[in-house]
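Values quoted throughout were computed directly from the atomic coordinates according to the rules given, and no laboratory measurement underlies them. Since the model is a prediction, treat every value here as computed from it, not as a measurement. All Cβ positions, even for glycine, are placed from backbone atoms using ideal geometry, and neighbour counts span all protein chains on display.
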Amino acid sequence: MAQKGASCQFEAQLRSPEAPGDDTSWAFVVLPKAASDTMPRRGRVSIEGTINGHSFTALLEPDGQKSHWLSIDEQLLKTAGASIGNVACFEVNAMEHEPEPEVPSDIFEALHTSPAALATWQDTTTIARLDWIHWITSAKQAKTRTKRINDACDMLASGKKRVCCFDSSGYYSKAFSAPR
């Protein structure tokens, strides 16, 4: 793992997900291992970069294979003059300071019903908050997500600042992967 701010350049084919969802058109790329190795961690990483010379900021996701993948929305595809199936030129680097993650409303509401959980949440690092959110939102079923929110509030209220036993890279648990 490299230090924050390390820049890498690579070319990759823009791929289309089998199930793009909500009637939108988007693409993704799986970072080459050498590019992924320049990132500071195997889990989610906020980046700044360019695609075909056009700037963007994004969140890299773990692919469960010790690498990362990047979602590219329809607007960025158009701006960069890129099309699914084409090879695009990328330059990416991890942001010097991880931006504060957006807290989903159900998590936000649960935290605000427990002053002790909220106090610990506010006392953790940005990366720890990102991992809590990632653990909760990675649940595949609504029932599991609700349980994780409740468990998170209980753990935070007891003073626990980090998610235990959560592999944010997906490598050991195979919890995460790039789209197919």
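Dipole orientation for the chain: of the candidates Trp121, Thr144, Ala82, Thr144 has the Cα lying most toward the positive pole (charges on Cβ; Lys, Arg +1; Asp, Glu -1).
Cα centroid separation, segment 98-114 to segment 12-52: 25 Å.
When all alpha carbon pairs of segment 105-157 are counted in 5 Å bins from zero, the resulting P(r) reads 4, 22, 34, 27, 10, 2 %.
Here the spin labels are modelled as points 7 Å beyond Cα on the Cα-Cβ line, and at Asn86 and Arg180 they lie 2.9 nm apart.
Listed by chain and number, the lysines placed with their C-alpha closer than 20 angstrom to that of Lys140 are Lys174; residues fewer than eight positions away on the same chain are left out. The gain in end-to-end length when the Phe10 to Phe108 segment is fully stretched comes to 31.5 nm, 0.36 nm per residue minus the alpha carbon separation.
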